[in-house]
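Have a look at the structure below before the remarks.
The values are calculated or read from the model by the stated rules, or taken from the named source; none is laboratory data. Keep in mind the model is a prediction, meaning the values are calculated, not measured. Cβ atoms come from the backbone with ideal geometry, glycine included; neighbour counts cover every protein chain shown. Surface accessibility is based on the protein's heavy atoms, side chains included, excluding ligands, DNA and RNA. Shrake-Rupley method; radii C 1.70, N 1.55, O 1.52, S 1.80 Å.
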Amino acid sequence: MPVEFISAINVNPSNELNRLGQTAVDPAFFRRYVRELEAAEFDYTLVPYASSYHDPFAIANAIVARSERISPIVALRPNIMYPTVAAKALATLDQFGGGRVAVHFIAGGSDHEQAREGDHLTKEQRYERTAEYIDVLRKVWTSTEPFDHEGTYYQFRDFVSAIRPTRGTIPVSVGGSSDQAYEVGGSRADIFGLWGEPLADTRAQMDRVAAEAAKAGRSDVPRTWVTFRPIIAATEELAWEKAHRTLAVLQDGVSGASGWRGLTLGGSAPANVGSQRLLEIASRQDVHDRALWTPTAAATGAAGASTALVGTPETVAAAILDYVDVGADLISIRGYDNLNDLVDYGRHVLPLVRQELAHREATGRRGTLQDDHLGALATPTHEGALA
Ligand SMILES: Cc1cc2nc3c(=O)[nH]c(=O)nc-3n(C[C@H](O)[C@H](O)[C@H](O)COP(=O)(O)O)c2cc1C
């Protein structure tokens, strides 16, 4: 599979740096943002979910209506929609987009956040339900005959959908770092989503997912999606200055975070394993491998995607290639200064990664980007995973 890039959608100019706290959709900003996503040649854009925030289906519909190529990834919590309804909603959206939709399952890291919308299952039960939910979705997308379903969480009779995904199915993603996440994602997902950890930790998680896939009798494994918040500038020095300025704002602003950024995923003692892991990793040291920087996670309770890649575009592109080299082929990058960073990544980072991959394809050999731009690996004290 080609290496593909994922951004995250924004419907107004508010971000963790300017803390405008706007919640309303700003149509002009949104149109510009979607245009820039396409101009930057991102492949996907995540439409996240939080109980206090916009409906992802409405946003995803607005994206496909205003674009030609970008694929929205709809974040879906099973508690908010019956699976037969979701199957048709996703297939309909997929038809309008000409086969450009993916769905990302959220089992839900926080009991408190889940209870806000009437979900009182335990996390274990939420993952079990997610597994059943995915099975129902796949059956609804493929069954041409009415069928009954007698499951633990869903029971229905004589159901058939006439609405098919453009390509017969829709990529299904599962994210998380708990044993249940590995099991449900490894056995059923096309894509497995991870937050940005050091290379060795990322590889270890990928091995857990692959083991669950094998246990489920699969001959394939889910594609791996890794997520970072790159902080780039023209020189290493300027990039680290910008990183520390960003950190100062995050440390000062945690309480002000609004909308899905205020997701109670992290915070003081996060309930979800993904955030717990990031905090543990951040407690080990600040810099990992070539450019991974974790104080941004420590400052925000690791509430979601919160680890940075810091350096020049060349160093960050080289760091991304390090993750490609351990097997990740879906690279999610979104900045703190959402729109401006998106434009910068499109101009300076994505082309470098794609050039190197095209060079490898054409010559069978690695280029010099990863040798020429060592980032933190250049500092002698740094014990890089690549050493
Ligand atoms: C790439 C990625 C994207 C995610 N997006 C969301 C989201 O939009 N909304 C949300 O509530 N949780 C989101 N999560 C959280 C998880 O999906 C997950 O349900 C939760 O963190 C529990 O994870 P655990 O298995 O690590 O404990 C995301 C996780 C990952 C890795």
Yes or no: segment 192-200 includes at least one residue that is hydrophobic (A, V, I, L, M, F, W, C), at pLDDT 95 or above, open to solvent by less than 10 Å² (accessible area, probe 1.4 Å) and within 11 Å of the ligand (Cβ to nearest atom).
yes
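Does THR130 count as part of a loop (DSSP other than H, G, I, E, B), polar (S, T, N, Q) and modelled with pLDDT of 95 or more? Break it down stepwise before answering.
On the way: part of a loop (DSSP other than H, G, I, E, B): no; polar (S, T, N, Q): yes; modelled with pLDDT of 95 or more: yes.
No: the conditions fail for THR130.
Check GLY168, GLY176 and return the single one that is at pLDDT 95 or above, within 16 Å of the ligand (Cβ to nearest atom) and open to solvent by 20 Å² or more (accessible area, probe 1.4 Å).
Details: GLY168 fails: within 16 Å of the ligand (Cβ to nearest atom).
When all the criteria are applied, what remains is GLY176.
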Give me a count of the residues in segment 33-47 that are over 21 Å from THR92 (Cβ atoms) and open to solvent by 20 Å² or more (accessible area, probe 1.4 Å).
6
Looking at (1) within 16 Å of the ligand (Cβ to nearest atom); (2) touching a helix residue (DSSP H, G or I) at 6+ places or on another chain (Cβ under 6 Å), which one does GLY151 not meet, given that it meets all the others?
(1)
Candidate set: segment 112-127, residues that are away from the ligand (no atom under 11 Å from the Cβ) and outside any loop (DSSP other than H, G, I, E, B); chosen: the one farthest from ARG277 (Cα to Cα):
ALA115
Matching residues in segment 71-105 (of a type in the set (Asp, Glu) and under 26 Å from TRP195 (Cβ atoms)) number 0
Please go through (1) within 18 Å of the chain's Cα centre (by Cα); (2) away from the ligand (no atom under 16 Å from the Cβ); (3) surrounded by fewer than 20 Cβ atoms within 10 Å (Cβ to Cβ) for ARG223 and return the number of the only condition it doesn't satisfy.
(2)
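What number of residues within segment 133-158 are part of a helix (DSSP H, G or I) and in contact (Cβ under 8 Å) with a residue 24 or more places away in the chain? If you could, list the steps in order and put the result at the bottom.
Of all residues in segment 133-158, those part of a helix (DSSP H, G or I) come to 133-142.
Narrowing the set further to residues that are in contact (Cβ under 8 Å) with a residue 24 or more places away in the chain leaves 133-138, 140-142.
Result for segment 133-158: 9.
Would you check if GLY108 is away from the ligand (no atom under 16 Å from the Cβ) and on the phi > 0 side of the Ramachandran plot? Please lay out each step first, then the result.
Details: away from the ligand (no atom under 16 Å from the Cβ): no; on the phi > 0 side of the Ramachandran plot: yes.
Judged against the criteria, GLY108 is not a match.
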Condition first: open to solvent by less than 40 Å² (accessible area, probe 1.4 Å) and out of contact with any strand residue (DSSP E or B) (no Cβ under 7 Å at 6 or more places or on another chain). Now tell me which residues in segment 282-293 satisfy that.
ALA282, HIS288, ASP289, ARG290
